[in-house]
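Structure record follows, encoded as structure tokens.
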């Protein structure tokens, strides 16, 4: 039971719902207190204003010569000059009291509060002739023509209202607290379910199940966005690990054959040396095979260095048109010597921030790939358009299904691996594109024949 409560309290969404409910309850209590104070003040002010208005009216009537008896008649009920909710009392300068005698107030002026009071018509009357009330009074006392006038108003109605207010606030506060707590816990529970789903998915991913996905039905809020981001991250991690596995297998395939041949070459050279015959050709062949292996590892190291992002420190402003002209100047003659045609297309070239050496190397790799995989008399075109640079040819091309795979390190469409190369050229190109946050797009040219590979830089920086 203790562990269950501890686990329940660890749920942040439920804790937040409970905390917000307490905050709401505190606000409700503070609001109720302020409302009670404000209502009491307004009621007292209203009563005082009514008493003052009534006093001034009677004072004006007395000044006009109207007798007190006539004025008091309008306030008579069962007992003279007294009603349930209000009264008037007049003490003349000669000492005579009209209405009920209230000795405690005649010597004062202004507003006076009276506790529940026994009213007598004359000071000497017997107790059985008095009128008893069970409510307090608010009285205004002041001097008028001929004496002192006291005007009183019962506080019974206002006291009943004020006595009811705490119960009303308590009841409404309880109802609101129940609704708020219930709603908060319900929303907190729903949020906690989603958080628990994310937590369980992360536990499965940590255990090695990279096929796990949270897969929210829609992106309604930040938790759904977080779920989508986690799914995307898991997918990229799964792809990266698969590429690492494929790279290990491809490296094993690509190195096993040349190492086997190198060993055979060295064994043959050793046999020749044992016979006292110098085998310079065998040594040269072994050295060449060793150089080929070193080139593979050098290419892998170059890809690793590019992917590390260290070269971003060397980024500089590059005019794409100048970049294309420089590459064309270097490689045009090389391409044409192989019997292929070479052309350059420039259309509204923009500028970027990048590493010119790496971009030249990427375009050089694309040209070497074109020379390796296109027939003689093929057309090779280096182009730039706004924020896009690339190369296209009219060779045999690549099936569209292989576009995502050919940019992986050590991947080769020719599974027998009998042709030259290690499958690292396009992988290096992809790494350079990623370093520049450019999209590497492989497609078929408009003619429908050949291959087009282009860097699309985002966002473009135009002059």
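So that you can scan it fast, the table gives a plain yes or no per residue for (1) closer than 21 Å to residue 23 by Cβ; (2) outside the structural domain of residue 22 (by TED's automatic domain parsing):
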site	(1), (2)
168	no, no
175	yes, no
180	yes, no
193	no, no
206	no, yes
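Of the residues 14, 62, the single one that is crowded, with 16+ Cβ neighbours inside 10 Å, modelled with pLDDT of 70 or more and part of a helix (DSSP H, G or I) is 62.
Scanning region 258-290 for residues that are on the phi < 0 side of the Ramachandran plot, exposed (fewer than 12 other Cβ atoms within 10 Å of the Cβ) and not in a helix (DSSP H, G or I), we see that the one that is modelled with the highest pLDDT is 275.
Considering 211, 201, the condition of being at pLDDT 80 or above and not in a helix (DSSP H, G or I) is satisfied by 211 alone. When residue 79 is tested against (1) at pLDDT 85 or above; (2) surrounded by 15 or more Cβ atoms within 10 Å (Cβ to Cβ), only condition (1) is not met.
Of all residues in region 318-338, exactly one satisfies the criterion of being out of contact with any strand residue (DSSP E or B) (no Cβ under 6 Å at 6 or more places or on another chain) and touching a residue at least 60 places away in the same chain (Cβ under 8 Å), namely 323.
If you filter region 339-367 down to residues that are surrounded by 15 or more Cβ atoms within 10 Å (Cβ to Cβ) and more than 45 Å from the chain's Cα centre (by Cα), you find that the one that is nearest to residue 313 (Cα to Cα) is 367. In summary, residue 53 fulfils each of the numbered conditions (1) under 27 Å from residue 158 (Cβ atoms); (2) at pLDDT below 80 with the single exception of condition (2). Residues that are surrounded by 10 or more Cβ atoms within 10 Å (Cβ to Cβ), at pLDDT 50 or above and in a loop (DSSP other than H, G, I, E, B) within region 108-144 comprise 108, 109, 116, 117, 133, 135, 136, listed in sequence order. Just to be sure, is residue 4 part of a helix (DSSP H, G or I), modelled with pLDDT under 80, in contact with a helix residue (DSSP H, G or I) (Cβ under 9 Å, 6 or more places away or on another chain) and over 26 Å from residue 157 (Cβ atoms)? No. Might you check whether a residue that is modelled with pLDDT under 80 and part of a helix (DSSP H, G or I) occurs anywhere in region 97-104? Scanning region 97-104 turns up at least one residue that is modelled with pLDDT under 80 and part of a helix (DSSP H, G or I).
Restricting region 403-437 to residues that are more than 38 Å from the chain's Cα centre (by Cα) and surrounded by fewer than 14 Cβ atoms within 10 Å (Cβ to Cβ) leaves a set whose member that is modelled with the lowest pLDDT is 416. Being part of a helix (DSSP H, G or I) and touching a helix residue (DSSP H, G or I) at 6+ places or on another chain (Cβ under 8 Å) is a condition met by no residue of region 340-352.
Restricting attention to region 384-393, the residues being free of Cβ contacts under 8 Å to residues at least 60 places away in the same chain and surrounded by fewer than 21 Cβ atoms within 10 Å (Cβ to Cβ) number 1.
The values are calculated or read from the model by the stated rules, or taken from the named source; none is laboratory data. Computed from a predicted model, the values in this text were never measured in an experiment. Here the Cβ is made from the backbone with ideal geometry for all residues, glycine too, and neighbour counts use every protein chain on show.
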